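Every number here is computed from the coordinates shown, using simple stated rules; none is lab data. Every value quoted in this text rests on a predicted model; they were computed, and no experiment measured them. Glycine gets a Cβ as well: all are built from the backbone with ideal geometry, and neighbour counts include every protein chain shown.
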Amino acid sequence: MNKFESYCTKFVQTIGAKEGAVSPAIISSASFAYGTPETAEGIFNGSVKKPLYSRMGNPTTAKLESIMSEMDGGVGAVATSSGMGATTLATMSLLSQGDEVISIGGLFGGTYSFFAETVSRFGIKTSFFDVDEFQNIENRITENTKIIFLESVGNPNMRLPDIKRVAEIANKAGVALIVDNTITPLSISPLDLGADIVVYSTTKIIAGNSSALGGCVVFRAIKEGEDKFKNERYPFLHKFIKNAGKMALVQNAKKRALRDFGMSANAHASYQTILGLETLALRLPRVIKSAEIIAKELSKNGLNINHPSLASHPHHQRYKNDFSNGCGTLFTIDMGTKEKAYNFLRKTKLATITANIGDSRTLALHMASTIYSDFDKETRRFLGITDGLIRVSIGLENPQDIIQDFLNAVKE
C-alpha cells in the first residue's frame, strides 16, 4: 500500500470519533476555568494536562496538532495562525541577536523578506544560497549559525533541494535544519530525511479550499544520549531538555515564541483544516498527476514551462529519484514579457488570479508585479523571477480542460 492510500485510512479514522459526535468539536473559548488553585498551579507548571489559555493552545487545535505530528513522524506540533506564523515560531524560538541563518533555494517572497529584512532588524544575519551550493553552504557555517532553512520545492523557481545531503551537512555541524514542506505534505517526509523541524502553511493544499488561514510546526524528539540540541550552540534549550525530555523543542517553541509573539491558531480555522486533512491523501495525488500531464502538454505546444517532471529541468533526475510522490501543485510559465503574461491571465477562463496556492481550483499569478514587486532586480534574479513569469497552482479540474483553456489563452 502506498503512502497516499494508507493515509486515506489513517486521516479519516483518526479524525472521526466512534462514539458521540463524529466530527471534532470546535472549542471557541478564549479562556478556561481551572476549578481550584491547585489545579491552576499544576496547569501552569505542566504537571496537569488541561487547557491553560487559548493563546497557549486550544482543544480543537490540539486535535489538529496531533494529526500533523503523526503525519510527519514528529514528537509534537504547534499550530499557528498562518504559514508565516509557523516560520516565525520555528525560527525565533531558536534565534537571538547575533545569530546567523543559512537559507537555501528559491524562497516564497514572504519568507525571503522575513529573513532578509525583518530578522535583520534584530541583529540576525541570513546568508542565501542556491540549492546545489553544498560546499559554500558548509563553508558558511560558523559558531553563530543556529538554523539552515530550506523549502522542499522552490516557490516559484521549482528547484529541488537534496534534503538528505543538506541534512548531513547540518547534522555534521550540529545546526538545526528546518524544512518548509508546505508544497509537499505526504509526498516528502523531512524528519525521515534528517530535518529537525518542519513548517507548513496549512492554508494551502492541507486545508485545500481557501477557507482557513493557518500554519503548523512539527518537531522531532530530542534523542536519548547524543543530540545536537544538547550542545553549547543551544544553551537555552538545556533547561527544556531537563524538564521536558524528548518534548523539549515543542516546549521551547511554546515558551519562547507562541507565548510571547502570540501567533496562536484559531479554533474555527483548526477545525476547517482538520476537515481538509480528511481528503488530502485523495486530492494530492490527483493534482500531482495533473500538474505533470499539463506541464508536459503545454511544453510540447511551445510554452516555456518550468516543472521538474520535464526532461529539460536541471533537477529532473532528482525528481525521479527523490520525489517519486511528486512535488506538489506548482509549475511556472514564462511568457517573456509582462504584457504577454497579463494577456494570458485576462484570457484564461479557468485560472483564478490570486496569491494563494494549493487550492481545489486552479490558480495563477504574475509574480513580478505582485508578490515580488518591491524586490530589486538582483534579488528577483536569484529567486528566479522574470518579467513574464506566471506561477500556476493546479487544482482538481479535468487536466484536459486546463490544457485547452491555457492553449486558448496564449492564442493571438
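For Lys347, the lysines whose Cα falls under 24 Å of its own Cα, not counting residues fewer than eight places away in the same chain, are Lys296, Lys300, Lys338, Lys411. Most simply put, the chain has about 50% antiparallel DSSP beta bridges, counting only bridges with both residues inside it. The Cβ shell under 12 Å around Tyr53 holds other residues with a net charge of +4, Lys and Arg each +1, Asp and Glu each -1. Using equal-weight Cα scatterers in the Debye expression, the normalised intensity of region 283-409 in log10 at q = 0.10, 0.11, 0.20 Å⁻¹ is -0.29, -0.35, -1.20.
Only lysines eight or more places from Lys146 in sequence, or on another chain, were considered; those with a Cα closer than 22 Å are Lys125, Lys164, Lys172, Lys223, Lys228, Lys230, Lys239, Lys242, Lys246, Lys254, Lys255.
Near Ser264, the amide H atoms lying under 5 Å from its own belong to Ser81; only residues 5 or more places off or on other chains count, and H is placed 1.01 Å from N.
When you restrict to C-alpha pairs under 8 Å that are six or more residues apart and normalise by the size of the chain, the relative contact order lands at 18 percent. Per-residue ellipticity at 222 nm, computed for the chain from helices alone with -39500 (n - 2.57) per DSSP H run of at least four residues, works out to -11000 deg cm²/dmol. Just round it to a whole percent: the fraction of Cα-Cα distances in region 186-317 exceeding 23 Å. Of the Cα pairs, 55 percent sit more than 23 Å apart.
Across Thr370, Thr111, Thr202, mean-square fluctuation computed from a Gaussian network of the chain (C-alpha pairs under 10 Å connected) peaks at Thr370. Note that region 1-109 shows a convex hull volume over its alpha carbon atoms of 192 Å³ per residue. Helix 163-173 versus the longest principal axis of the chain: what is the Cα-based angle in degrees, 0 to 90, to the nearest 10? Orientation of helix 163-173: about 40 degrees from the principal axis. Stretching the chain fully between His238 and Lys164 yields a gain of 24.0 nm (0.36 nm per residue, less the alpha carbon separation). Remark: the chain is approximated by an ellipsoid whose semi-axes, taken from the C-alpha gyration tensor as √(5λ), come to 36, 26, 19 Å, largest first. Phi-derived couplings, Karplus 6.51 cos²θ - 1.76 cosθ + 1.60 at θ = phi - 60°, listed residue by residue for region 193-200: 8, x, 6, 9, 9, 10, 10, 9 Hz, with x used for Gly and Pro.
Across all Cα atoms of region 344-412, the radius of gyration (one decimal) and Dmax (whole number) stand at 13.1, 38 Å. Cα centroid separation, region 69-136 to region 196-221: 14 Å. Amide H to amide H, with H built 1.01 Å from N, Ile353 comes under 5 Å of Ala364, counting only residues 5 or more places away or on other chains.
The stretch between Ser47 and Glu19, if pulled fully straight at 0.36 nm per residue, gains 7.2 nm over its current Cα-Cα span.
Cα-based values for region 131-262, radius of gyration first and Dmax second, are 15.5, 44 Å. Taking Cα atoms, how many degrees apart are the long axis of helix 267-300 and the longest axis of the chain, rounded to 10 and kept between 0 and 90? Tilt relative to the chain: about 30 degrees. Against the main long axis of the alpha-carbon atoms of the chain, helix 83-92 sits at an angle near 50°.
Coupling constants for region 104-120 follow from the phi torsions by the Karplus curve (6.51 cos²θ - 1.76 cosθ + 1.60, θ = phi - 60°), and in residue order they are 10, x, x, 8, 3, x, x, 5, 4, 4, 4, 6, 7, 10, 7, 5, 5 Hz; glycine and proline get x.
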